[in-house]
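The values are calculated or read from the model by the stated rules, or taken from the named source; none is laboratory data. Keep in mind it's a predicted model, so treat the numbers as computed, not measured. Note that we place each Cβ from the backbone using ideal geometry, even for glycine, and neighbour counts take in every protein chain shown. In case anyone asks, the SASA skips ligands and DNA or RNA and just uses the protein heavy atoms, side chains included. Shrake-Rupley method; radii C 1.70, N 1.55, O 1.52, S 1.80 Å.
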Amino acid sequence: MVFSSNGSVIARYHGDPVFRSHVDRADIVDADGMPLVFASRFFCARPLAERIATTDFINDASAAAAKAGLNFYFLGAKPGVAAAAARDLVARHPELRVVGAEHGYFTESDLDRIAADILERKTDVLWLGLGSPHQEAMAFRLRQRLGGVGWIRTCGGLFDHMSGAVRRAPGWMQAAGLEWFHRVRMEPRRLAWRYLRTNPVALFYLLTRTMDEVRPSRDARFADLGDAPLSPRS
Ligand code: UDP
């Protein structure tokens, strides 16, 4: 299970114990936000090398998957969006196999059918774009049903970006850690309150909790390995 972390995720992590337990049990948590990288440069002996934006990462992942013959499945966004994103991706990576695309507005009663479809199509990587915290909770629920799938990779609004439904920030804004500001300008009604609420909380924890290693008591999964996870977390 591979999740992403940004300001909203950090704020929710410290305020929602259920969400926190999901994030703590992920196998990898990427830093999807320049503020996390800046904080790690300031506070850590081994800072993060770079930000992992899912919109960029999917290109590297696609090239690697095409080479290794791994199958992608897209689950999330409004009807038609994931399929359009899959078409766009395959046009750029002709060897890549996106074996399924389903919208993300399904109900409880659809879950078994969707899980069976993911398995039948021999999915290796499930890209799950339902928005936080829904996607992290759903990743855990689907995991029980998806033995054999290698990765469940949460990806938020990735399919919207890929299908061209939402435009990304210019490069200089991304590099300056201001992508959130661009997103607020694009969708003020939905996002202004989210960022107003979460940015100060995230800033507080970035300034007070950024460290090189997770304390063993907070992550018992690694205790048996006698080692701490390598990536800094906030
Ligand atoms: N979404 C979904 N099912 C739901 C609720 C949301 O598939 O029940 C999709 C929504 O259409 C959008 C994505 O989840 O494509 C959430 O995007 P957002 O930008 O909020 O995610 P973030 O990247 O901020 O986590």
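Restricting attention to the stretch 167-181, the residues being surrounded by fewer than 15 Cβ atoms within 10 Å (Cβ to Cβ) and within 13 Å of the ligand (Cβ to nearest atom) number 1.
Name every residue in the stretch 62-92 that is among the hydrophobic types (A, V, I, L, M, F, W, C) and open to solvent by less than 20 Å² (accessible area, probe 1.4 Å), in order of residue number. Break it down into steps so the answer makes sense when it comes.
Of the stretch 62-92, the ones among the hydrophobic types (A, V, I, L, M, F, W, C) are 63-66, 68, 70, 72, 74-75, 77, 81-86, 89-91.
Answer for the stretch 62-92, where residues must be among the hydrophobic types (A, V, I, L, M, F, W, C) and open to solvent by less than 20 Å² (accessible area, probe 1.4 Å): 65, 72, 74, 75, 77, 82, 85, 86, 89.
In the stretch 182-191, of all residues being away from the ligand (no atom under 12 Å from the Cβ) and open to solvent by less than 70 Å² (accessible area, probe 1.4 Å), the one that is nearest to residue 15 (Cα to Cα) corresponds to 188. If only residues of the stretch 94-113 that are farther than 30 Å from residue 11 by Cα and part of a helix (DSSP H, G or I) are counted, the one that is least open to solvent (accessible area, probe 1.4 Å) is 110.
Can you pull out the residues in the stretch 47-62 that are assigned to a loop (DSSP other than H, G, I, E, B) and touching a helix residue (DSSP H, G or I) at 6+ places or on another chain (Cβ under 8 Å)? Write out each step before concluding.
Taking the stretch 47-62 as the starting set, the residues that turn out to be assigned to a loop (DSSP other than H, G, I, E, B) are 47-53.
Within the stretch 47-62, 47, 48, 50, 51, 53 meet the criteria.
Taken over the stretch 156-201, the residue count meeting the criterion of being of a type in the set (A, V, I, L, M), touching a residue at least 24 places away in the same chain (Cβ under 8 Å) and over 16 Å from residue 51 (Cα atoms) is 3.
Looking only at the stretch 114-155, residues that are open to solvent by less than 30 Å² (accessible area, probe 1.4 Å), touching a Phe, Trp or Tyr at 6+ places or on another chain (Cβ under 7 Å) and either among the hydroxyl-bearing types (Ser, Thr, Tyr) or assigned to a loop (DSSP other than H, G, I, E, B) (or both) come to 3 in all. Taking the stretch 14-26 as the range and being part of a helix (DSSP H, G or I) and over 15 Å from residue 194 (Cβ atoms) as the test, the residues that pass are 14, 17, 18, 20, 21, 22, 23, 24. Note on the stretch 114-155: residues that are over 12 Å from the mean Cα position of the chain (by Cα) and within 13 Å of the ligand (Cβ to nearest atom) total 3. Beta carbons closer than 6 Å, at least 6 apart along the sequence or on distinct chains, pair a first residue in the stretch 1-27 that is among the polar types (S, T, N, Q) with a second that is open to solvent by 20 Å² or more (accessible area, probe 1.4 Å) for 4/30; 4/32; 5/29; 6/32. Within the stretch 156-165, at least one residue is over 17 Å from the mean Cα position of the chain (by Cα), within 13 Å of the ligand (Cβ to nearest atom), of a type in the set (A, V, I, L, M) and open to solvent by 40 Å² or more (accessible area, probe 1.4 Å).
Output yes when any residue across the stretch 192-208 is touching a Cys at 6+ places or on another chain (Cβ under 9 Å), closer than 29 Å to residue 27 by Cβ and open to solvent by 40 Å² or more (accessible area, probe 1.4 Å), and no when none is. Steps first, please.
So in the stretch 192-208, the residues touching a Cys at 6+ places or on another chain (Cβ under 9 Å) come out as none.
For the stretch 192-208, residues touching a Cys at 6+ places or on another chain (Cβ under 9 Å), closer than 29 Å to residue 27 by Cβ and open to solvent by 40 Å² or more (accessible area, probe 1.4 Å): absent.
Within the option set 46, 20, being over 18 Å from residue 132 (Cα atoms) and either out of contact with any Phe, Trp or Tyr (no Cβ under 6 Å at 6 or more places or on another chain) or open to solvent by 50 Å² or more (accessible area, probe 1.4 Å) (or both) holds for one residue only, 46.
One line per residue, one yes/no per condition, for (1) of a type in the set (A, V, I, L, M, F, W, C); (2) within 16 Å of the ligand (Cβ to nearest atom); (3) under 30 Å from residue 203 (Cα atoms); (4) touching a Pro at 6+ places or on another chain (Cβ under 7 Å):
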position	(1), (2), (3), (4)
41	no, no, yes, yes
56	no, yes, yes, no
68	yes, no, no, no
93	no, no, no, no
96	yes, no, no, no
104	no, yes, no, no
